[in-house]
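Every number in this text was worked out from the coordinates using simple rules, so none of it is lab data. Being a predicted model, the structure only gives us computed values, none of them experimental. So basically every Cβ, Gly included, is an ideal-geometry build from the backbone, and we count neighbours across all protein chains shown.
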Amino acid sequence: MYIYLYLNIFTILFPLLLSFDKKVAFYKNWPWLFPAILINAILFIIWDILFTDAGVWGFNEAYLCGLYFYNLPIEEILFFITVPYACIFIYDVLIAYIEKDFLQPYTKVIAISLLVILIVVALLNLDKLYTSITFGLLVLMYGVHYYYFKTKFLGRFYQMYLVHLIPFLLVNGVLTYLPIVWYNNTYNLGLRIITIPIEDSMYSMLMLLLPISIYEGLRQRKSVPKQVPLPV
């Protein structure tokens, strides 16, 4: 039963087909999208390999096709491509179809509140690798994002994050219910959103804030007109 592979196909199928929608024209942004996804995937694959080796999580072979890269099933590698693609597609669709950035006025309050929670929980659970590392890296990622962009894109990011929670609950719900991916509770808080570890929600935020930061950085850089030197 190749259920994990089917979940990857389900995740990317409609965003890929709709990438050629005239209003969004998402395919035109592929030159900035693919480098962002690639960098993000490399970093998360390295992290995934280390955590799998450490027994923080693992995979149920009954739901996999049997192809592996080191200790990771090929479906897990695809996950780091299909999910960012789908979510950045959602990000651009919302920008195209919802003119006003409704959350922009509240981005500082949201970010500061979230950072306080992340820092406190991470410091109080240093022995729980999944919790402390995920929350700590998300704090670091917020710092990097804010350094380069301030709150310019955070309103749109939060908007996308809220919408992405629907497929997040569906896909991660299946992954953790069967389970296709299992978690060692020694390394997490043991709190669940149904069957999904609470840490997954912040892991997902980190896995999306990083590529969107790179994506917007490349896109903004491309949109800045080059200065033509004046003739001497």
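Structure notes:
- Entry note, the chain: the mean residue ellipticity at 222 nm calculated from DSSP H runs of n ≥ 4, each adding -39500 (n - 2.57), is -23000 deg cm²/dmol after division by the residues and rounding to the nearest 500.
- Length-normalised contact order of the chain in % [C-alpha pairs under 8 Å, at least 6 apart]: 28 percent
- P(r) for region 143-211, from all Cα pairs and a bin width of 5 Å, is 4, 14, 23, 21, 14, 11, 9, 3, 0 %, short bins first.
- 0 to 90° range, to nearest 10: angle between helix 3-17 axis and the chain longest Cα axis: 10 degrees
- Set against the 2.2 N^0.38 Å expectation for a compact globular protein, region 77-206 has a Cα radius of gyration ratio of 1.10.
- Rounded, prolate or oblate (a/c below 1.5 giving rounded, otherwise prolate when a/b exceeds b/c) for region 113-184 by Cα gyration tensor: oblate
- Listed peptides 203-216, 14-27, 137-150 by packing density, highest first (mean Cβ within 10 Å): 203-216, 137-150, 14-27
- Here residue 140 and residue 110 are evaluated by their C-beta separation; at R0 = 22 Å the FRET efficiency comes out at 0.80.
- Inter-centroid distance (Cα atoms) of region 159-186 relative to region 74-112, Å: 16 Å
- Under 20 Å of direct C-alpha separation, and excluding same-chain neighbours fewer than eight residues apart, residue 128 reaches these aspartates and glutamates: 48, 53, 199, 200.
- Reported label for calculated Cα extents along the principal axes in Å given [x] 53, 45, 38; [y] 50, 39, 34; [z] 66, 40, 37: [z]
- Counting only alpha carbon atoms, the long axis of helix 107-124 and the longest principal axis of the chain meet at about 30°.
- Of the cross-linked pairs 22/152; 28/222; 100/222, those separated by over 21 Å at the C-alpha level are 22/152; 100/222.
- Helix 74-97 vs. the chain, principal-axis angle (Cα, 0 to 90°, nearest 10): 40 degrees
- Gyration tensor (alpha-carbon) shape descriptor, region 37-152, a/c threshold 1.5: oblate
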